[in-house]
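Data first, discussion second: the structure below is written as C-alpha cells.
The values are calculated or read from the model by the stated rules, or taken from the named source; none is laboratory data. It should be emphasised that the depicted structure is a prediction, and the values quoted were computed from it without experimental measurement. Glycine also receives a Cβ, built like all others from the backbone with ideal geometry; neighbour counts cover every protein chain displayed. What goes into the accessible areas is simple: the full protein's heavy atoms, side chains included, and nothing from ligands, DNA or RNA. Shrake-Rupley method; radii C 1.70, N 1.55, O 1.52, S 1.80 Å.
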Amino acid sequence: GTGADNDLYINQAIVFIEDAIQYRSINHRVDSKSLWLYRWYYSRTCQWILSLTITIILALAFIEKPSSLTITSDVRYRLPAWNPPCGLTESIELLCFLVFMADVSVKSYLIGWEEFWKNKWLMAYILTLIVSLSDWIVSLSFFCTEGVRIRRILRPFFLLQNSSMMKKTLKSINSTLPEMASVLLLLAVHLSLFTMFAMLLFARTKDGQPDKEWVGYFRNLPDSLTSLLVLLTTANNPDVMIPAYSKNRAYSIFFILFTVLGNLFLMNLLTAIIYNQFRGYLLKSVQSSLFRRRLGIRAAFEVLSSLKETPANTQQSYVSIGALLRVLQKVEMDSRCKQAIMRSLKMCSCDQLSAAQFQKLFEELDKDAIKQHPPSPEYQSHFMQKMQFAFGHPYFGYLGNVVALANIVSICVVLVMDADKQPSERDDFFLGAINCFFILYYLLEMLLKILAMGLKRYLSYPSNRFDGLLTVILLILEIATFAVYGFPHPGWRPEFMGLLSLWDMVRLVNMLIVFRFLRIIPNMKFMALVVTTLLDLVKNLRAFAGILVVVFYAFAITGIMLFEGAVIPLGNIRLKFFIFIFLFQTSFYIKKVVVLYFKEKCDFMAFFDCFQAEVIYCLFYLLSVNLICRWAKIYFVAWWLISSVIWVNLFVALLLENFIHKWDRRCHREPLSDIEYQRTVELMFRDVLEEPTEEELMEKLHEHPHLQLCR
C-alpha cells in the first residue's frame, strides 16, 4: 500500500544519505529486507567484529610456530619458545574464516549477481578464502608439521579488502607504476654502466699484489653490483672508496660522479615524478569519491520526491521538509552536520525543497570540521577578574615555557656532573629537590590556568590536556617517591624498596619532565604547523599505514619460509653481514641507510626464526645477509625497492601535499584563537575538485541495477 511504499522510500533515502556520508557506492539492493541487512552490516558493532577478526588473524603470526613469545631473540640465551599445540591456532583461524565467509556472502548478496561479476575485489576475496581453507586442510592433514603455509602470506589481503581508502590508494600506486618504471630503468642503466666501469677500473693487479678494493668490493659482477647498489643508498660511503682513494686520489672522481648522478639527480627525480603522478591519480580518486557523495544525495532526493505526499502534477520534483526531517532523525551522521542542516531547514521559509536546495543543504558534509572552544567563566569580583586576566594571558604561558626550559637545563647540569660517578657515589638530593620544586610550580600553573579559563575551556585545548596529564602523573610519582623513600636531604641514597629503586623513580620523573617540554610546540607557529601536518597525516592517512603493514607482513612471512634456520650461532667464528637501518631525516631525501660491520664475536640474533624478529630486525632494519647464497639478495633488494624507493617516496608526496596545503591556508587566512580546523584527505583537494553535472548524476542513477526511478 501507500504507507508501505512511503516507508520504503524513507528507508532508501536514509541508506543513500549514509552512503554519501561514507563515500560508499549506492549500487546495492534497495528492497526492505536488503536495506535492513545493509544497515546492520555497516553498523558499528558488525564492522567492529570484522576489524577484530582481521586483527586476530594477523596477530596469529606472533604465536604460531616459530613463536615470538620469548624475551630475547638471542638464540644463545633464550629459553625454548612456547609453541601452541596443533589445532589451537588452526581453530582460531577457522573461526576467522567463518566470519570472512559470512562477510563475503553478505557483500555478494547485497550488490547482486550482476555487480558481483564486475567486482574484482570480491572475486579475489573468494579465491583467497578458497586457497586459505585448502591450505588449512592440508596443514591439519600433516598434523601442523608442514614447512610452507601459503595462507599466512594471504592474510594481509583481508585487511586490504576491508578498507575502501586502502583500495583507492593501491589503485593510485598501481597507476603510478609506469611512470616510476621509466626512472627505475634509468637508475638500473646508471647502476649497470658504473658497475662495468668499476670492474674495469678496479681490476685485479697482474703482479699478484693484494688489491683491497678488488678483494672487498669489486671481485666479480654480483659483488660489484651489490657494492654500488649499497653506495646508491650512501650506506657504505666512504668505506667503499677508501682503499682506492688511499692508492690514488683520482679514483674518488668515480665515486663522486656515481653518487651525484644517482643520489642527487635520479633519486630526487624519482621523488618528483612520484609526487606529480601520484597526486594526479589521488586527485582522480578523490574526485570519484565526491561523485559518489553527490550521487548518494541525489538518489535520496529522487526517492523522497516519489513520496505520495509530494504533488505529482508539478513540472519539477520537490521534497517536503517534513519528509527530510523524518529521514534526518534516523540517519547516522556527525552531530555537527546534522544540527547545521536542521538549523538551515528551520530558517527555510518554504515547505518544499528543489534538487538544488536539497543538494546545497548537504554541502555541510564537505566543510571543515570546526571546533570552537567554550567561553571563559565570568567573575563578578574585581580581584578575580584581574586574576583571570593575568593567568589567562599568553605571557603566563610563555613564563611556563621558560620555567620548563630552566628545568631541562638544571637536569642536564646534574646529569653531566654525575656522569662519571659510580651509582654508590651518586647523591640524588639535588635532582630530587629540583624535581620537587618544579613539579609544585607545574601544579600551581595548571590550577591557575583552570581558574582563569574554566575547566571545560582548559580541557578543550590538546596542549593543555597533554600538559595537565603529565603534571598529574608527575605529582603522583613524586608523592609515591616521598611515601617510599622520604623527603630529599643531603646524602639521600636509601636502600631499594618497592617496585622501583629511588634512582629508577627519579629517572622516570626526569624523562616525563623532558617529554613535557614538548608543550612549547603550540607557541612556535612554524613548528606547530609542521606538527599539525604530521598529526593530520597520522589521522587521515591510515590507508598508507595499512598498506605498509600489508607489505611488512607479506615480506616477513616470506622471509621466515625462505630463511628459517639458515642462520645459526657460530660461536667465535668471524661473521660479516650488513644491516641497513632506516634513519628518517628532515632533508628532502628522507631515507638514509647505514651499514654496520660486525667482524668480531657478535651478540647473535636469529633474525628469521620468528615473526617478531623478522619484522623488527630484518625488515625495519632491512638486514642483508651474505651467509646463505647470492640469490638471497633478490629478496632484500625487492624489499628495499618497495619500502624505500616506492613507498617512502609516496609518503613524501602526500607529506608535501599536506604541508603545502596547510601553508597556503596559513598565508591566506589568519588563524583564530578560539577555532580549530580539522581536515580530511578529501578536503585537502576540495578547492580543485569539479562538481558533477545534473546530466551525469541522472545518467548514473538510471544505470542503477536495483533502483527504478519514476523519471
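Quick rundown of the values:
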read-out: Condition broken by residue 63, with the remaining ones in (1) exposed (fewer than 13 other Cβ atoms within 10 Å of the Cβ); (2) touching a Pro at 6+ places or on another chain (Cβ under 7 Å); (3) among the aliphatic types (A, V, I, L, M) satisfied; value: (1)
read-out: Check on residue 191, in contact with a Ser or Thr (Cβ under 7 Å, 6 or more places away or on another chain) and at pLDDT 85 or above; value: no
read-out: Residue 131 assigned to a helix (DSSP H, G or I), over 25 Å from residue 285 (Cα atoms) and open to solvent by 40 Å² or more (accessible area, probe 1.4 Å); value: yes
read-out: For residue 85: the one exception among (1) farther than 19 Å from residue 138 by Cβ; (2) assigned by the TED database to the domain that holds residue 135; value: (1)
read-out: Filter result for residue 688 (open to solvent by less than 90 Å² (accessible area, probe 1.4 Å), at pLDDT 60 or above, farther than 30 Å from residue 184 by Cα and out of contact with any Phe, Trp or Tyr (no Cβ under 6 Å at 6 or more places or on another chain)); value: yes
read-out: Whichever residue in segment 12-34 is in a helix (DSSP H, G or I) and free of Cβ contacts under 8 Å to residues at least 60 places away in the same chain and, among such residues, is surrounded by the fewest Cβ atoms within 10 Å (Cβ to Cβ); value: 33
read-out: Sole residue being within 30 Å of residue 20 (Cα to Cα), open to solvent by 80 Å² or more (accessible area, probe 1.4 Å) and modelled with pLDDT of 85 or more, chosen from 346, 386, 360; value: 360
read-out: Some residue of segment 202-212 being touching a His at 6+ places or on another chain (Cβ under 7 Å), farther than 30 Å from residue 289 by Cβ and open to solvent by less than 20 Å² (accessible area, probe 1.4 Å); value: no
read-out: Residue in segment 76-98 that is within 26 Å of the chain's Cα centre (by Cα), part of a helix (DSSP H, G or I) and loosely packed, with under 14 Cβ neighbours inside 10 Å present; value: no
read-out: Any hit, segment 418-436, residues being exposed (fewer than 14 other Cβ atoms within 10 Å of the Cβ), at pLDDT 80 or above and hydrophobic (A, V, I, L, M, F, W, C); value: no
read-out: Test result for residue 48, surrounded by fewer than 16 Cβ atoms within 10 Å (Cβ to Cβ) and in a helix (DSSP H, G or I); value: yes
